[in-house]
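The values are calculated or read from the model by the stated rules, or taken from the named source; none is laboratory data. Just so you know, these numbers come straight off a predicted model, no measurement behind them. Every residue, glycine among them, receives a Cβ derived from its backbone with ideal geometry; neighbour counts consider all protein chains shown.
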Amino acid sequence: DPAVKEVAEETGHTPAQVLLAWGLQNGTSVIPKSANPDRIKSNFECQFELTDTQYQKLPKLSATVRFGEPHEMWGILEGSLFDE
């Protein structure tokens, strides 16, 4: 996303760090996944504050995207995960 890249350049952080910081600043629990040791270390470097201007550039990113779909991963019928 161009807005993410722009904020990353402004802050001197990676786009991933910007998104993690945005999520934390937004009051969201963020759980990044990586098996790469360098990326894991980089993910911990996301604890910085975005300026109001930078923060306002990113709210349009709140589209729901699920990268780990439990229904597919565990063969559970959609809607039946918590049905007893």
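Kindly provide the set of residues from region 7-26 that are in contact (Cβ under 8 Å) with a residue 24 or more places away in the chain and of a type outside the set (S, T, N, Q), ordered by number. Hits for region 7-26 are Val7, Glu10, His13, Ala16, Val18, Leu19, Leu20, Ala21, Trp22. Each residue in region 27-58 was checked for being of a type outside the set (A, V, I, L, M) and in contact (Cβ under 8 Å) with a residue 24 or more places away in the chain, and 11 of them qualify.
Just so you know, in region 7-32 the residues that are more than 15 Å from Glu45 (Cβ to Cβ) and exposed (fewer than 13 other Cβ atoms within 10 Å of the Cβ) include one that is modelled with the highest pLDDT, and it is Glu9. Checking every residue in region 56-71 against the condition of being among the charged types (D, E, K, R), outside any loop (DSSP other than H, G, I, E, B), at pLDDT below 90 and surrounded by 15 or more Cβ atoms within 10 Å (Cβ to Cβ) gives at least one match. Of the set (1) of a type in the set (S, T, N, Q); (2) at pLDDT below 85; (3) in a helix (DSSP H, G or I), all apply to Ser80 but (3).
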